[in-house]
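Every read-out reported here was derived from the displayed coordinates using simple, explicitly stated rules and does not represent laboratory data. This is a predicted model, so every value here is computed, not measured. In this analysis, Cβ positions are derived from the backbone assuming ideal geometry, glycine residues included, and neighbour counts consider all displayed protein chains.
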Amino acid sequence: MTTTVFEVGKVNALKPLEGKVAIVTGASRGIGAEIAKVLARNGATVVGTYHNSPKHIQDVAKTIEEEGGKFHALHVDVSVYEDAERLALEVIENFGKIDILINNAGITKDRTFRKMTKEEWDTVINVNLNGVFNTTKAVIEHMLAQNYGRIVSISSIVGQAGAFGQTNYAATKAGILGFTKSLALETASKGITVNAVCPGYIGTEMVAAMPEEVLNNIVSKVPMKRLGEPGEVAQAVLYLIQADYVTGQVIAVNGGLYM
Ligand code: NAD
C-alpha cells in the first residue's frame, strides 16, 4: 500500500494548524462553534469555552471528535477577569502553550439609547469589550515569550456602520477595531498578529432573535440577498491565522452590505 504525504516544506498541507493550540471563546454555538470545528479540521488542538449551554458544547465536542479532531471544553465567563486567567493557566497546564486566541464570545441587549438602562449598557460592554481585554491580557505574555501568536477578534458590521437600537453593542464592536489596530502595532515585531473579522448578518441564534420584518428588511438590502453562514466567517478566521504578514486588519464578511 502506498501512502501519500501532503507536505509543503514542514507544513502538512491538509492540516496546516497541526501542533497549534487554539482558544475559541463562546464555542458552544453559532459562529464560535463553526470556528472551533474549522480549526480542529485543520489540525489545531482547540479549547472551546462555553458559558451557559453545556449541552451545545457537548454537541460541538462530539462532532469534532467524530471527525478525528482534538477538542477540550472549559466553562468561562469572559467578563470575569479571573475566569480568563484560569482559562490561560489551564490551557498551558494541559497543552503546554497557546498559539491562537479567537475572541468570539458576544451578546446583544438591544434598545434605543433613550430607553437603554445603565445595566444593559454595562453588561454588553463587560462581555463584548472587557471580555476581549480579559482573555487577551491572560494570553499575551505567553505569546510574547514564545515569539508567536495569532489573535482574531469577532467584531461586527454594526461596529463599522452603526445600527438602530444598538449603541451599546456598536460601541463594543467599534472598540474592538481600535483595540485590534493598537495591539497589532505593539506586537508586530514580536511574531504576533492581531486582526478582526466583521461579519454582516449571519444565520445564528443571535440573528434569529431579531424581529422577522427587521430581518427581512436587512436581507433585502444585502447585495447577495441572503444571510451569511457561520462557516463563511470561520474561513476568514482561518485565513488570518495562516497569514503571517497580515496584521491590524479588518476583514468584512457581509455579502457586500457595507463596503
Ligand atoms: P450566539 O449568541 O449564537 O453565540 C454567542 C456565544 O458567546 C455563545 O457560545 C455564548 O455562550 C457565548 N457567550 C455569551 N456570553 C458569554 C460570556 N459572558 N462569557 C463567555 N461566553 C459567552 O452568537 P453568534 O451569532 O454566533 O455570535 C458570535 C460572535 O459574532 C459575537 O461576538 C457576535 O457579536 C458576533 N457577530 C455575530 C453576527 C451575526 O449575525 N450572528 C454578526 C456580527 C457579529
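Give me the Kirkwood hydrodynamic radius of the chain in Å, from all C-alpha pairs, to one decimal place? Write down the numbers at each step before the final one.
On the way: mean 1/r = 0.0536 Å⁻¹.
Its Kirkwood hydrodynamic radius stands at 18.7 Å.
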GluC sites (Glu not before Pro) restricted to region 55-128 and DSSP loop, no more than 14 other C-beta within 10 Å
E67
Environment charge at F113 (Cβ cut-off 15 Å; Lys +1, Arg +1, Asp -1, Glu -1):
+1
Where labels lie 7 Å past Cα in the beta-carbon direction, separation of D244 and A208 in nm
4.2 nm
For region 27-142: Kirkwood Rh in Å [reciprocal of mean 1/r, alpha carbons]
14.9 Å
Neighbouring Cβ atoms within 10 Å as the yardstick, rank R41, R226 fewest first.
R226, R41
Chymotrypsin sites (Phe, Trp or Tyr not before Pro) lying in DSSP loop within region 156-243, provided at most 11 other Cβ fall within 10 Å
F164
Quick check: the angle from helix 81-95's long axis to the longest principal axis of the chain, C-alpha only, nearest 10 degrees?
20 degrees
Using alpha carbons only, how many degrees (0 to 90, rounded to 10) separate the axis of helix 30-41 from the longest principal axis of the chain?
10 degrees
Using only alpha-carbon positions, what ratio does the radius of gyration of region 113-259 give when scaled by 2.2 N^0.38 Å?
1.11
Against the longest alpha carbon principal axis of the chain, how many degrees, from 0 to 90 and to the nearest 10, is the axis of helix 130-146 turned?
20 degrees
Could you check the spin-label model distance between L185 and D110? Points 7 Å from the Cα along Cα→Cβ, value in nm.
3.4 nm
Diffing region 184-193: the Karplus 3J(HN,Hα) column from phi (6.51, -1.76, 1.60, θ = phi - 60°), in whole Hz with x for Gly and Pro, holds 4, 4, 5, 10, 4, 8, 10, x, 10, 10
Which of I64, I176 has the fewest other C-beta atoms within 10 Å, and how do the rest follow up to the most?
I64, I176
Please list, in order along region 56-65, the HN-Hα scalar couplings obtained from phi with the Karplus expression 6.51 cos²θ - 1.76 cosθ + 1.60 (θ = phi - 60°), rounded to whole Hz, x for Gly and Pro.
5, 5, 5, 5, 5, 4, 4, 4, 5, 5
Sorted from fewest to most neighbouring beta carbons within 10 Å, what does the list I23, I107, I192 look like?
I107, I192, I23
